[in-house]
Amino acid sequence: MVASCDHAVSVRAGEELDLTRLGAYLGRHFDGSGPVTVEQFPSGHSNLTYRVTWGDRELVLRRPPFGSQVKSAHDMGREYRVLSKLHEAYSVAPKVILYCDDLSVLDAPFYLMEPIRGIILRRQLPPDLLLSPAMARQLSEVFLDNLVRLHSLDYDKIGLGDLGKPQGYLERQVKGWIDRYHNSATHDLSEVERISAWLTKHIPASSDATLIHNDYKYDNVVLDSNDITKIVGVVDWEMCTLGDPLSDLGTTLAYWTDASDPDELQEICAAPTTIPGTLTRAQLVQRYALATGRSIRDMDFYLTFARFKVGVIVQQIYYRYARGLTHDERFATMPHRIAVLMRASLQCAESGTI
C-alpha cells in the first residue's frame, strides 16, 4: 500500500525566507551550487518548517515563528543540540546537519536537517488511505509503544543528562503554564481560575524522570508510506526535556479524541483517533501501565493539566495573531478551540475520568 505523503506548499505571506542570503550561506557550508527554492510545510502552528532545495540537494529548515515574544519556547540551539544527541539512540528522531545563530542570514537562528519522507496523519485521512479496524488498532498500539521506547532511553548515556531539572518538575510546570496563560490572555474564561486552583491543590508526587517529547501526537509522527503501521520519524522536538513521563502521556491524551466524546471535542479533533479499532484513551493508559509498570492512579491530574497546557499553547499562538504579529488566518478561530479545551480540562478535574 502506498499512500499520499505530506507535501510542502507555497510559503505563507509574511513567512518568506531571504533566498539570496540563504543561498550564500549554503554555498559557504556545502559543496555544490544551484538556485535555491523554498516551500513550507503548512500545518504547524509554532516553529516554522520549510523544504529547501539547493541544486540537487534537499534539506529541511526549522526557524522560530515570526513575531514570537516567547523566546524560551523557540530555542533553535537547544532543539538542535537535543536532536544531535538523540538521533543515534532513537533513530526516528531527525538527523540534524547544521545550526546557524548568525542573525544576518535569516534574522533568526535556524537549523538544517535531513528530510524524513512519509505520511503524516491529519484530521482527514489521505483519500487513497483506508484503515481497517485491525490496522487502526495496530497503528495506535505502535504509536503508544514508540512513546514507551522514548521513555526507556538512558538520557545520561545519550549525553542529555543536563537537559532539564526533574526535581520539582510538576510544580514548576503548573505554575509556569498558569503564568503563561495570564501573560497572553485575550478573553475572560471563567474556567481558568477553577482549573488553576484544582491543579495547584492536586499536584501528585512525580514519577521517575525520563526524556519526554512534550508534544507527542499523530501529526508529529511520520509513517512509512508502504506500511502505515511503521513509524519512520518523530518531529517537533522544541519542548523536549527531562521530566515526568506521565505528563508526556497526558499531553498525548489531550490530543486524543474518543468516539464517545462530546460534539465540541469532536469538532476540534485534529487527528483520526476515532476510527473504529483505534485504542481509546483508557486503553492507551492501560497499555502504557503494563509496558512500564508505572502507576496510573493520577491520570486525571495529568489529563486535566495537559488539556489546560494545550489550551495555553493555542492561546499564546492566538495572542500573536490578535496583536498583528502574524497574519495567518488559520489562527482567527482559535478562541473557540481554547474555550473547548478549558471546559474539557475542568470536566476532567471535576469528574476524575479520562
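No value in this document is a laboratory result; all are computed from the given coordinates. If you're wondering where the values come from, they're calculated on a predicted model, not measured in any experiment. With ideal geometry, Cβ positions are generated from the backbone for all residues, glycine too; neighbour counts draw on all protein chains shown.
What the table below lists for this structure:
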quantity: Ratio of Rg to Rh over segment 276-348 (Cα coordinates, Kirkwood Rh, two decimals); calculated: 1.14
quantity: Listed residues 142, 96, 82, most fluctuating in the chain (Gaussian network, C-alpha, under 10 Å); calculated: 142
quantity: Distance between segment 253-308 and segment 71-120 - C-alpha centres, whole angstrom; calculated: 29 Å
quantity: Projected label distance in nm at residue 37 and residue 157, using a 7 Å step from Cα toward the beta-carbon; calculated: 4.4 nm
quantity: Helix runs (DSSP H) in the chain reaching 27 Å along axis by Cα, Kyte-Doolittle at least 1.0; calculated: none
quantity: Nonlocal amide H pairs with residue 230, under 5 Å, H built at 1.01 Å; calculated: 224
quantity: Angstrom value of the Kirkwood radius, inverse mean 1/r, which spans all Cα pairs in the chain; calculated: 21.2 Å
quantity: Equivalent ellipsoid dimensions for segment 124-164 as semi-axes, Å, which come from the Cα gyration tensor, largest first; calculated: 34, 12, 6
quantity: Packing rank of 208-215, 255-262, where each peptide gets the mean count of other beta carbons within 10 Å, highest leading; calculated: 208-215, 255-262
quantity: Mean separation of Cα contacts under 8 Å (6+ apart) over length of the chain, as relative contact order %; calculated: 19 percent
quantity: Within a Gaussian network of the chain (alpha carbon springs, distance under 10 Å), most fluctuating of 151, 74, 87; calculated: 87
quantity: Rotationally averaged projected area of segment 116-212 (alpha carbon convex hull; nm²); calculated: 10.7 nm²
quantity: Candidates 203, 317, 120, ranked by Gaussian network fluctuation over the chain, Cα under 10 Å, top entry; calculated: 203
